[in-house]
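Undergrad: Got a structure for you, written out below as structure tokens; questions coming shortly.
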Amino acid sequence: MIGSWGLDAALEVGIAAFCAGEEPPGDDQVWEGLTGAGVEPWLAERLLVFLPMAYVRRLLPDVSYPDAVLDSRGKVLLSREPVFVAAFERARYASRAEFERIALRSSTFAVINEALNAGSQLADLELSEPRLLKDLEPAVEGDGGMPSPRAVFEGFLREHGISLDDGTKVDASLVVHPAPAGMVMAQVDFAVSHPALAKPWLVESFAGHGTTWREAIGRAVNMFSLGALHPIIDGLLLPGAASGQVERERYEHPDGVFELVLGAQINLFAETVPPVAPLLDRLLEALRAEKLGRKVHGLRLFAAHHDGELLNNEVLLDSEPWSGGEAVVADSPAPLPEGRVAVRVFGLLVPVEV
């Protein structure tokens, strides 16, 4: 049986494989897209079989469906197949485009459509157990080549002695982006909800690429652990639990005193990059013109340059674009006058009671 590992990322990759291209891909194309990017065959097979089956049941809920499928060994109970159970839950949030690509390709949909054309009503249909074309491969221990960012995030927190409750929630979701042949591109959105935050959710997104999903997701997770994980832990979830991994400085603001809990500076495309501290000081000066409630606020800077020209400029305050901060970046010099360089830094502004 499949263990308790998360299926969130595997489902998103499976859905993306079905939705790829201008025309619906065949089963062989879906299979090659999954296994070619490192999804283990037993998991790829279940995504190929159970995603369409789950989606058609969400699309046409008035039909009476069987609770099992058949193979040469007998019945396979769907309630004991975690991929089907998770796919059925994920289909609750499916878009119209997903239904068109996934549900409509199901053999079950073809059977229902034929019955409707013959004059039957949806509520009168009771379908028999479908027979699989081949027996399912036995599931094996592990994540099937698809690590769950959500499970990894929760694991990081457990390592720091942090437990989640009704007031503190975390999530990490995979967004699949188009990539050149032979590569995959993963964006992972890490989210935290806590009563002390200024907004209901704080979200930090990181991207990673690779030849397999394990490699791409691993790179995104590594960037998160380097730049954002420790400020979130030490500034919000459990102060003092990651004190050696953050910098703290006092910040005087018209709305009160805060402490800036800052993560490591992440440098991309260049090995030696000057500290971003002067630019951060200018951002903090501009921030004095903004209203800040006595809550914890997230501040994130990402800027990319090429030969001194600004290519990407993203400054987020509480996970939303801050135009005042982006104006500061636009008026500031590049970290390096030549070549390609990008810098990213994230911190939390934590109110200090004086």
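Undergrad: Yes or no: the range 226-239 includes at least one residue that is under 17 Å from L301 (Cα atoms) and surrounded by fewer than 20 Cβ atoms within 10 Å (Cβ to Cβ). First the steps, then the outcome.
TA: So the first thing to find is which residues in the range 226-239 are under 17 Å from L301 (Cα atoms), and the list is 226-232.
With surrounded by fewer than 20 Cβ atoms within 10 Å (Cβ to Cβ) added as a condition, the list becomes 226.
Within the range 226-239, one or more residues are under 17 Å from L301 (Cα atoms) and surrounded by fewer than 20 Cβ atoms within 10 Å (Cβ to Cβ).
Undergrad: Can you tell me which residue among R57, R90, R96 is of a type outside the set (F, W, Y), exposed (fewer than 15 other Cβ atoms within 10 Å of the Cβ) and not assigned by TED's automatic domain parsing to the domain that holds W213?
TA: Details: R57 fails: exposed (fewer than 15 other Cβ atoms within 10 Å of the Cβ); R90 fails: exposed (fewer than 15 other Cβ atoms within 10 Å of the Cβ).
Matching residue, one of R57, R90, R96: R96.
Undergrad: Which residue is nearest to D27 (Cα to Cα), if the candidates are limited to the range 58-112 and must be part of a helix (DSSP H, G or I) and among the hydroxyl-bearing types (S, T, Y)?
TA: Taking the range 58-112 as the starting set, the residues that turn out to be part of a helix (DSSP H, G or I) are 58-59, 78-80, 82-93, 96-105, 107-112.
If we keep only those that are among the hydroxyl-bearing types (S, T, Y) too, we end up with 79, 93, 107-108.
Details: S79: 24, Y93: 23, S107: 12, T108: 16 Å.
Among residues in the range 58-112 that are part of a helix (DSSP H, G or I) and among the hydroxyl-bearing types (S, T, Y), the one nearest to D27 (Cα to Cα) is S107.
Undergrad: Restricting attention to the range 327-337, does a residue exist that is in a strand (DSSP E or B) and crowded, with 16+ Cβ neighbours inside 10 Å?
TA: Step one: of the range 327-337, the residues in a strand (DSSP E or B) are none.
Taking every residue of the range 327-337 in turn, none turns out to be in a strand (DSSP E or B) and crowded, with 16+ Cβ neighbours inside 10 Å.
Undergrad: Name the residues in the range 247-299 that are β-branched (V, I, T), touching a residue at least 40 places away in the same chain (Cβ under 8 Å) and under 25 Å from A342 (Cβ atoms), would you?
TA: First, the residues of the range 247-299 that are β-branched (V, I, T): 257, 261, 266, 272-273, 276, 296.
Then drop every residue that is not touching a residue at least 40 places away in the same chain (Cβ under 8 Å), which leaves 257, 261, 266, 273, 276, 296.
Result: V261, I266, V273, V276.
Undergrad: Please determine, by comparing only the residues of the range 116-139 that are over 21 Å from L78 (Cα atoms) and in contact (Cβ under 8 Å) with a residue 40 or more places away in the chain, which one is surrounded by the most Cβ atoms within 10 Å (Cβ to Cβ). Step through it out loud before you land on a result.
TA: From the range 116-139, those over 21 Å from L78 (Cα atoms) are 116-124; that's our starting set.
Subsequent filtering for residues that are in contact (Cβ under 8 Å) with a residue 40 or more places away in the chain retains 122-123.
On the way: L122: 13, A123: 9.
Among them, the one singled out is L122.
Undergrad: Just give me the residues in the range 305-342 being over 28 Å from the mean Cα position of the chain (by Cα) and either touching a residue at least 60 places away in the same chain (Cβ under 8 Å) or over 14 Å from L279 (Cα atoms) (or both), in sequence order.
TA: H306, D307, G308, E309, P335, L336, P337, E338, G339
Undergrad: Report, by residue number, each residue of the range 173-207 that is buried (at least 17 other Cβ atoms within 10 Å of the Cβ) and assigned to a loop (DSSP other than H, G, I, E, B).
TA: Listed by number, the residues that qualify are H194, A198.
The values are calculated or read from the model by the stated rules, or taken from the named source; none is laboratory data. Computed from a predicted structure; not experimentally measured. All Cβ positions, even for glycine, are placed from backbone atoms using ideal geometry, and neighbour counts span all protein chains on display.
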